[in-house]
Amino acid sequence: MIEIIIMLLVAYLLGSIPSGVLVAKHFNKDLHQEGSGNTGTTNTFRVLGVKAGVLVLCMDLLKGTLATLQPIVFHVQGINPLIIGLGAILGHTFSVFDHFRGGKAVATSAGMLLAYNPSYFLIACCLFIFFIYVSSMVSFSSIVSSPLLVIISLFYHDWILTIVAVALTTFIIYRHRTNIQRILAGNENLVPFGLYYRKKNK
């Protein structure tokens with residue numbers, strides 16, 4: 001039991017590393033005061049550019065992956081790695097190093113899935129990229145991809161994966177509630193590519 005508690009704590013602390021905040025400091029920027037005010041990958045791309053965005057994306061993915069791999073690496077029985085991975089998502093969203101603020105958990109969730117089930121991770125990536133290309137909105141892609149991944153999880157016959165997928169979908173949609181309002185109002189931020197972006201800029 002003590003091993004599980006330690007791994008959850010380590011996962012939370014890993015997730016709490018404020019990747020976007022740290023990278024933004026290198027540019028003398030404060031992501032809380034720029035763009036959407038979010039410290040996650042999307043706002044980093046928007047405010048700091050592609051290189052910084054890719055760096056933060058990789059860091060956030062790695063947090064979820066390393067946290068989830070703990071039970072496998074340390075040969076701890078009796079706990080599903082996904083449960084440990086949830087600690088990183090909690091840390092990423094409510095970072096102890098950033099006044100319990102954080103990102104929207106999409107990249108860290110993806111890192112968790114990469115460690116647990118690479119094929120499921122690849123499907124998630126394909127869905128995410130497809131919906132970004134169609135909508136030109138990262139938020140829309142996150143919101144639409146999540147429930148589809150719940151359905152896809154049923155084909156793996158892994159009830160823990162499905163339960164976690166449902167929990168993540170609920171959490172991600174909740175964290176995107178202001179984005180949903182902007183999408184419905186037609187003023188959500190767009191990425192500078194994709195079908196919808198081209199249509200709006202004809």
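The values are calculated or read from the model by the stated rules, or taken from the named source; none is laboratory data. Remember, it's a predicted structure, so these values are computed and weren't measured experimentally. Note that each Cβ is placed from the backbone with ideal geometry, even for glycine, and that neighbours are counted across all protein chains shown.
Looking at Ser139, is it farther than 23 Å from Leu13 by Cα, within 17 Å of the chain's Cα centre (by Cα) and of a type in the set (S, T, N, Q)? Here the answer is yes, as Ser139 does meet what is asked.
Within the stretch 60-82, the set of residues being of a type outside the set (D, E, K, R) and in contact with a Leu (Cβ under 8 Å, 6 or more places away or on another chain) comprises Leu61, Gly64, Thr65, Leu66, Ala67, Thr68, Pro81, Leu82.
Every listed requirement among (1) within 26 Å of His26 (Cβ to Cβ); (2) surrounded by 24 or more Cβ atoms within 10 Å (Cβ to Cβ) is met by Ile84 save one, (1). Only a single criterion out of (1) surrounded by fewer than 16 Cβ atoms within 10 Å (Cβ to Cβ); (2) under 18 Å from the mean Cα position of the chain (by Cα); (3) over 19 Å from Arg177 (Cβ atoms); (4) not polar (S, T, N, Q) is not satisfied by Ile72, namely (2). Of the helices (runs of 4 or more DSSP H) contained entirely in the stretch 1-50, those carrying at least 2 residues that are closer than 14 Å to Phe97 by Cα and either at pLDDT 90 or above or out of contact with any His (no Cβ under 9 Å at 6 or more places or on another chain) (or both) fall at 2-16, 19-26. What are the pairs, 6+ residues apart or on separate chains, where a residue within the stretch 1-20 that is within 15 Å of Gly85 (Cβ to Cβ) has its Cβ under 6 Å from a residue that is of a type in the set (D, E, K, R)? As it stands, the answer is Leu14/Lys63; Gly15/Lys63, since those pairs meet every condition given. Any chance the stretch 66-80 includes a residue that's modelled with pLDDT under 90 and in a helix (DSSP H, G or I)? No: zero hits. The criterion of being among the small types (Gly, Ala, Ser), buried (at least 24 other Cβ atoms within 10 Å of the Cβ), under 17 Å from the mean Cα position of the chain (by Cα) and assigned to a helix (DSSP H, G or I) does not hold for Gly103. Considering the stretch 81-100, and only residues there that are of a type outside the set (S, T, N, Q) and not in a helix (DSSP H, G or I), the residue that is nearest to the chain's Cα centre (by Cα) turns out to be Phe94.
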